[in-house]
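Trainee: Before we start, here is the structure in question, set down as structure tokens.
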Amino acid sequence: MDLYEYQARELLAEQGIPTPEGIYAQNSHEVAEAADRIGYPCVIKAQVKIGHRGQAGGVKLAKDRDDAVLKAEEILPMTIHGHKVSGVLVAEAKNVLHEYYVSISVDRASRDFDVLATANGGTEVEAIAKEHPEAVKRLHIEALGDFDIEAARAMAREIGFYHADVEQAAQILLRMWRCFKENDATLVEINPLAKIGDPDDEASKTLCALDAKISLDDNAAFRHDGWKRFADARSGDPFELRAKEHGLHYVHLHGEVGVIGNGAGLVMSSLDAVSGAGEEQGTGVKPANFLDIGGGASAEVMAASLEIVMSDPQVRSVFINVYGGITSCEQVAKGILEALDQIAGAKPIVVRFDGNAAAEGLAILAASHNPNVHVADTMEQAAQESARLAAEAKEDR
Ligand code: GDP
Ligand code: MN
């Protein structure tokens with residue numbers, strides 16, 4: 001999960017990394033109020049989960065309240081590189097003397113952490129890396145090593161921070177590392193890490209994070225209750241959100257045949273089989289979703305899955321493809337029947353079982369005499385049948 005800049009700044013501030021005061025606002029009224037609290041001049045910054053906002057006109061300086069509202073009214077309706085602006089950050093404007101770039105990210109190849117940094121900030125790091133590759137340092141933090149203040153100082157010197165900035169840079173590097181680790185991040189980037197202050201007053205000069213980009217590792221969400229505060233209410237698919245609450249791996253695909261299976265590979269093949277059948281039958285019927293119920297496909301999991309898939313109004317039929325392993329197909333069959341009892345307005349289901357207790361599972365389904373339950377011997381037949389049922393149901397409307 002990628003965070004917005006205003007959220008990333010919160011995580012940096014929690015670690016004691018200096019970052020200018022900022023307030024998130026979503027309309028002119030909120031902007032005016034926020035700007036008055038921040039003071040003038042202030043910067044109005046588009047909040048989108050994509051970089052290069054500055055070049056796209058998404059970062060603007062405002063000199064007073066009217067100007068702040070004007071700039072916000074320009075930025076709020078923008079779409080930057082395909083991302084709709086969710087709101088603006090109204091932040092203290094700082095006098096920038098110099099710009100550094102620092103990021104920490106996971107390096108999957110060397111199984112440790114990459115610190116990418118340059119003292120030659122100012123332009124985009126990609127451009128610097130191209131024109132002056134020697135200016136961009138790539139350093140490492142060992143996965144199991146200690147990264148302490150001494151190591152951070154050595155790193156700050158190696159990156160090329162100006163002598164006067166080394167001590168503060170080391171503190172910031174150390175805190176970025178804590179921010180990275182404690183939040184299970186995959187990326188913590190500060191660009192620019194700016195030297196700000198009055199050029200004629202040495203004592204006023206200091207480093208601070210003017211922009212921040214943080215990505216969190218979704219696999220660690222279970223141990224970070226606080227991430228709920230980052231949930232983007234506007235941009236969530238309601239079916240995907242519900243599936244997530246049940247711990248299911250679901251992707252909404254917007255076709256007509258709901259697909260439920262155990263194991264990502266099996267579900268992917270099922271999607272292909274349904275698409276193929278839809279094409280062959282000339283109906284253009286497509287899969288409505290990807291839903292992997294995983295290894296322990298219990299009755300409760302099956303019930304929750306069916307409930308979510310069938311609540312999608314575009315779904316006309318459901319293809320259930322289960323390979324019985326740890327969980328027997330008998331259990332899955334019971335789960336299906338229990339779920340159908342609870343769901344009003346159930347839709348036709350085609351079931352294909354294989355593996356552990358497949359025959360017993362199919363027998364239970366057959367014995368139920370539920371008109372909505374169809375069984376198939378092979379995956380191909382099940383795909384054909386569910387595509388046909390979906391096309392039929394579509395015509396009936
Ligand atoms: P990005 O383009 O999406 O990376 O957005 P940034 O937050 O990095 O802003 C782009 C540029 O605007 C920065 O590189 C700075 O040069 C400039 N900028 C951002 N905040 C301030 C500020 O408070 N004062 C000044 N003078 N410039 C700023
Ligand atoms: Mn930036």
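The values are calculated or read from the model by the stated rules, or taken from the named source; none is laboratory data. None of these values were measured; they are calculated from a predicted model. In this analysis, Cβ positions are derived from the backbone assuming ideal geometry, glycine residues included, and neighbour counts consider all displayed protein chains. Note: areas computed on protein heavy atoms with side chains; ligands, DNA, RNA excluded. Shrake-Rupley method; radii C 1.70, N 1.55, O 1.52, S 1.80 Å.
Trainee: Rolling a 1.4 angstrom probe over the protein heavy atoms, how many square angstrom per residue are accessible across the range 1-126? Display every interim value, and only then the final one.
Mentor: On the way: 5790 Å² over 126 residues.
In whole numbers, the range 1-126 has 46 Å² accessible per residue.
Trainee: Once the piece of chain linking Asp112 and Asp64 is laid out straight, how much longer is it, given 0.36 nm per residue of separation minus the C-alpha distance between them? Intermediate results must be reported in sequence, preceding the final value.
Mentor: Working: separation 48, 0.36 × 48 = 17.28 nm, distance 4.66 nm.
Residue separation times 0.36 nm, minus the Cα-Cα distance, leaves 12.6 nm.
Trainee: A further question on this structure: For a 27 Å ceiling on Cα separation, which of these pairs sit above it: Lys60/Lys137; Lys45/Lys228; Lys84/Lys244? Working shown, then result.
Mentor: On the way: Lys60/Lys137 30 Å; Lys45/Lys228 24 Å; Lys84/Lys244 24 Å.
As for pairs spanning more than 27 Å Cα to Cα, those are Lys60/Lys137.
Trainee: Among the aspartates and glutamates, which have Cα under 14 Å from the Cα of Lys205 when same-chain residues fewer than 8 positions away are ignored?
Mentor: List returned: Glu99, Asp165, Glu167.
Trainee: Moving on to the next point. Please give the calculated 222 nm ellipticity per residue for the chain, where each DSSP H segment of at least 4 residues contributes -39500 (n - 2.57) and the sum is spread over every residue; nearest 500 deg cm²/dmol?
Mentor: Working: 12 runs with 146 residues, N = 397.
Calculated at 222 nm, the ellipticity per residue is -11500 deg cm²/dmol.
Trainee: Compute the distance from the alpha-carbon center of the range 196-263 to that of the range 1-50, in whole Å.
Mentor: 17
Trainee: Right, something else. Hey, with R₀ at 56 Å, roughly what FRET efficiency would Met268 and Glu134 work out to, going by the Cβ-Cβ distance, to 0.05?
Mentor: Numbers: r = 45 Å, r/R0 = 0.79.
The formula returns an efficiency of 0.80 here.
Trainee: Taking H as built 1.01 Å from N, whose amide H comes closer than 5 Å to the amide H of His98, not counting residues under 5 places away?
Mentor: Lys195
Trainee: Please list Thr79, Thr19 in order of solvent-accessible area, largest first, computed with a 1.4 Å probe with all protein chains present.
Mentor: Values: Thr79 85, Thr19 35 Å².
Largest accessible area first, the residues go Thr79, Thr19.
Trainee: Next up: Report the Cα-based extents of the range 96-230 along its three principal axes, largest first, to the nearest Å.
Mentor: 50, 32, 30
Trainee: How do the peptides 180-190, 354-364, 92-102 rank, highest first, by the average count of neighbouring beta carbon atoms within 10 Å per residue? Don't skip to the answer; put the middle values down first.
Mentor: On the way: 180-190: 20.7, 354-364: 17.2, 92-102: 18.9.
Going from most to least packed, we get 180-190, 92-102, 354-364.
Trainee: Moving on to the next point. Just need log10 I(q)/I(0) for the range 238-396 at q = 0.12, 0.16, 0.20 Å⁻¹, Debye formula, equal scatterers on the alpha-carbon atoms, no solvent, rounded to two decimals.
Mentor: One equal scatterer on each Cα of the range 238-396 leads to -0.42, -0.78, -1.29.
Trainee: From Cα coordinates alone, what are the radius of gyration and Dmax values for the chain in angstrom?
Mentor: 27.2, 88
Trainee: If I stretch the segment between Ile343 and Gln26 completely, what's the gain in nm (0.36 nm per residue apart, minus their alpha carbon distance), one decimal?
Mentor: Result: 110.2 nm gained on full extension.
Trainee: Another one. Round to the nearest 0.05 the FRET efficiency obtained for Phe222 and His52 when R0 = 45 Å and r is the Cβ-Cβ distance.
Mentor: The computed FRET efficiency comes out at 0.85.
Trainee: Multiplying the sequence separation of Ala127 and Glu307 by 0.36 nm and subtracting their Cα-Cα distance, what value in nm do you get?
Mentor: On the way: separation 180, 0.36 × 180 = 64.80 nm, distance 5.03 nm.
Here the segment from Ala127 to Glu307 would lengthen by 59.8 nm.
Trainee: Among the DSSP beta bridges whose two residues both lie in the chain, what percent are antiparallel, rounded to the nearest 5?
Mentor: Working: 51 of 68 bridges.
Percentage antiparallel, nearest 5: 75.
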